[in-house]
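Asks: Have a look at this one before I ask anything.
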C-alpha cells in the first residue's frame, strides 16, 4: 500500500487542530487504559491498521495485557473487561457505526449507569477524535511501521 499524501505537510494548521483535540482528550482525566481500549476498538471497526498498530503498542507500554488486547475484537464474549469498559466499548461501537446503530437508548442507558455525565462527554470526545484520525489515516493510506522486512515484501 502506498501513502497518498501527508496531510500535516499539506495543511498543517488543520492537522494542528486535530493534534490539539488529541492532547485534550488524552489529558481529559479518563483512565488511559480505557482510552487505549476505545481507540483500538474504533480503529478495528474502521479498518485502520495504522491506528490499531500504534494504539496497541501504546496500550502495551501502559501495562495493558496481551490477553485483553488479543480478545478486544470479541470483548462481549470475554470476562476480562469491567462493566465500565464494556459500557465504553458498546458506546464506542454505537458511535463508530452510528449510520447503522443510531446510538440506541439501551447502549446509552448502560453507559449512564457506568459513567457520570462528565465522563460520558469525555469518552464521546475520545471516540470523535479517534474516528477522525481513522478517517484521515485510511483516506490518505497512512502506512504503519514494519519491523519485519519479510512481512513488507
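Quick note: the coordinates plus some simple rules give every number you see, no bench work behind them. What you see is a predicted model; the values in this text were computed from it and never measured. Don't worry about glycine lacking a Cβ; one is built from the backbone with ideal geometry, like all the others, and counts go over all protein chains shown.
Asks: Which value, in nm² and rounded to one decimal, describes the direction-averaged projected area of the C-alpha convex hull of the range 17-144? Show your work: numbers first, answer last.
Replies: Values: hull surface 30.7 nm².
So the mean shadow area of the Cα hull is 7.7 nm².
Asks: P(r) of the range 69-153 in 10 Å steps, Cα pairs, percent per bin?
Replies: Reading upward from the zero bin: 15, 37, 30, 14, 4.
Asks: Here is a follow-up. Tilt of helix 83-96 relative to the longest C-alpha principal axis of the chain, in degrees (0 to 90, nearest 10)?
Replies: Value to nearest ten degrees: 50.
Asks: Please report the relative contact order for the range 36-88, taking Cα pairs under 8 Å with a sequence separation of at least 6, and give it as a percent rounded to a whole number.
Replies: Once divided by the residue count of the range 36-88, the mean separation gives 33 percent.
Asks: Let me ask something additional. By how many degrees, 0 to 90 and rounded to 10, does the Cα axis of helix 49-61 deviate from the longest principal axis of the chain?
Replies: Taking Cα atoms only, the helix is inclined about 60 degrees.
Asks: Could you list the residues of the range 111-151 with an amide nitrogen less than 15 Å from a label point located 7 Å from the Cα of residue 53 in the Cα-to-C-beta direction?
Replies: Counting only backbone N, you get 134, 137-151.
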